[in-house]
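What follows is one structure encoded as structure tokens, with my remarks underneath.
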Amino acid sequence: MARVLSGIQPTGDIHLGNYLGAVRGWVEDQHTQDSYFCVVDLHAITVPRDPAELRAKTLELTLLLVAAGLDPEVCTLFVQSHVHQHAELSWILECVASMGELRRMTQFKEKSSDAEESARVGLFTYPVLQAADILLYDAERVPVGEDQRQHLELCRDIALRFNHRYGDTFVVPDATLPKVGARIMDLQRPTAKMSKSADSPQGTVLVLDEPAVIERKLKRAVTDTATEVTFDPDKKPGVANLLQILAAATGRQPADVAEGYSQYGPLKADTAAAVVELLRPVRERYAELASDPEAVRSTLRQGAEKAEAVASGTLARARTAIGLLSRS
Ligand code: ATP
Ligand code: LTN
């Protein structure tokens, strides 16, 4: 079985983009691949967070991932900071990555915007920690949304450079993106990606939104003034986004979906209905699981133990390769 690893930040409420771009694929992967999924709390502190809220969100996101179908008996589900090897390997990789390649990362540019001087150093080195997450598990595949493609390229570059300088140590991973749904856009600003941290409540469909809320958000989704339904992400980003969502929710291609519509109203209504049905089981299961948060804590303890058993072996390999003296 191929090894798979991916991560998600406990930074807010998970949305339709996270679900279609990443989490839904993880649920499928766990049955055919040796799967590791982590809640990346160390990545979350690269921008200011309220400590109590971060702790609560970490637990809540784990519950949601289980509600979405991740089965802790089948995959390894854990919190990044519970496995100290992530931070340790990240340091070693920081000594392999260059300032120039990190400066080119668009996520850093966007999130530091014009306040680079006051941005946290961790925001800059964020992709190196992500590379450590992946390389520690010898992951061959990393299922992510489109926005993570550049970070995955960097991870590959770091792994190849390390192997070249210090001998074969890491597996060089590939990003895998869903064919449809890899970049869901904000419903109010269809040229920006749907995001947990973009302050756009009406443009973001949350996985836990009630059906009536989902219907309202989709009904008010920004389109253009024309009425013709064609799949053209450049000229008609709002309509293309609706077509993409409906296609992803029903297992079709956006251009094929477009053929069934001549007006925006029915497209919006059908998209809303499909999204409601897609998310309904997740919301219902979440309500059941939320009554017993202790169960999820024990899941996370077991997950961390399983993850650490793999991570410690890889870290030892990297330490030896780069010349760190062992304690014993
Ligand atoms: P933030 O806004 O805090 O950066 P986010 O919404 O981008 O958060 P992450 O936790 O960074 O969410 O990402 C988790 C996974 O969801 C990643 O694999 C990412 O590529 C994917 N993802 C995030 N947003 C979208 C989107 N709009 N469409 C498709 N996939 C997405
Ligand atoms: N950077 C990612 C989250 C992330 C991740 C990972 C994804 C952290 N570590 C390892 C895949 C593999 C994000 O912002 N979505």
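The values are calculated or read from the model by the stated rules, or taken from the named source; none is laboratory data. Here the structure is a predicted model, which means the values were calculated and not measured. Neighbour counts are summed over all protein chains in view; Cβ atoms, including those assigned to glycine, are modelled from backbone coordinates with ideal geometry.
Listing for the model above:
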quantity	calculated
Hey, S90 farther than 30 Å from P201 by Cβ, away from ligand 1 (no atom under 16 Å from the Cβ) and among the hydroxyl-bearing types (S, T, Y) or not	yes
Residue check for V180: at pLDDT 95 or above, assigned to a loop (DSSP other than H, G, I, E, B) and within 16 Å of the chain's Cα centre (by Cα)	yes
Looking only at the stretch 46-59, and only at residues there that are touching a residue at least 60 places away in the same chain (Cβ under 8 Å) and in contact with a Ser or Thr (Cβ under 9 Å, 6 or more places away or on another chain), the one that is farthest from ligand 2 (Cβ to nearest atom)	V47
Options R161, R220, R156, R189: the member that is exposed (fewer than 14 other Cβ atoms within 10 Å of the Cβ) and modelled with pLDDT of 95 or more	R220
So E28, is it without any contact (Cβ under 8 Å) to a residue 12 or more places away in the chain and under 16 Å from V144 (Cα atoms)	yes
Residue, nearest to ligand 1 (Cβ to nearest atom), within the stretch 107-143, restricted to residues that are farther than 24 Å from R49 by Cα and of a type in the set (A, V, I, L, M, F, W, C)	V142
Pick from the stretch 1-34, criterion of a type in the set (S, T, Y) and within 12 Å of ligand 2 (Cβ to nearest atom), ranking: nearest to the chain's Cα centre (by Cα)	S6
Failed criterion for A44 (all others in (1) under 27 Å from S291 (Cβ atoms); (2) crowded, with 17+ Cβ neighbours inside 10 Å; (3) over 18 Å from the mean Cα position of the chain (by Cα) hold)	(3)
Scan of the stretch 15-38 for residues that are crowded, with 24+ Cβ neighbours inside 10 Å, of a type outside the set (S, T, N, Q) and farther than 27 Å from P211 by Cβ, ordered by number	Y36, F37, C38
From E88, E110, E117, residue being away from ligand 2 (no atom under 14 Å from the Cβ), out of contact with any helix residue (DSSP H, G or I) (no Cβ under 7 Å at 6 or more places or on another chain) and either over 21 Å from E308 (Cα atoms) or not aromatic (F, W, Y) (or both)	E117
Within the stretch 164-185, tally of residues that are more than 16 Å from ligand 2 (Cβ to nearest atom) and out of contact with any Lys or Arg (no Cβ under 7 Å at 6 or more places or on another chain)	7
Matching helices (runs of 4 or more DSSP H) fully within the stretch 242-328 where at least 1 residues are within 30 Å of M185 (Cβ to Cβ)	254-258, 264-289
Candidate set from the stretch 138-153 (those that are within 11 Å of ligand 2 (Cβ to nearest atom) and either part of a loop (DSSP other than H, G, I, E, B) or modelled with pLDDT under 95 (or both)); member that is farthest from F108 (Cα to Cα)	A139
Filter result for Q85 (touching a residue at least 60 places away in the same chain (Cβ under 8 Å) and either within 16 Å of ligand 1 (Cβ to nearest atom) or touching a Leu at 6+ places or on another chain (Cβ under 8 Å) (or both))	yes
Some residue of the stretch 4-26 being away from ligand 1 (no atom under 13 Å from the Cβ), more than 22 Å from S112 (Cβ to Cβ) and modelled with pLDDT of 95 or more	no
Every residue from the stretch 156-181 that is within 16 Å of T106 (Cβ to Cβ) and either within 13 Å of ligand 1 (Cβ to nearest atom) or free of Cβ contacts under 8 Å to residues at least 12 places away in the same chain (or both)	A175
Which listed residue is in contact with a Ser or Thr (Cβ under 8 Å, 6 or more places away or on another chain), closer than 28 Å to T62 by Cβ and not charged (D, E, K, R), from A248, A258, A274	A274
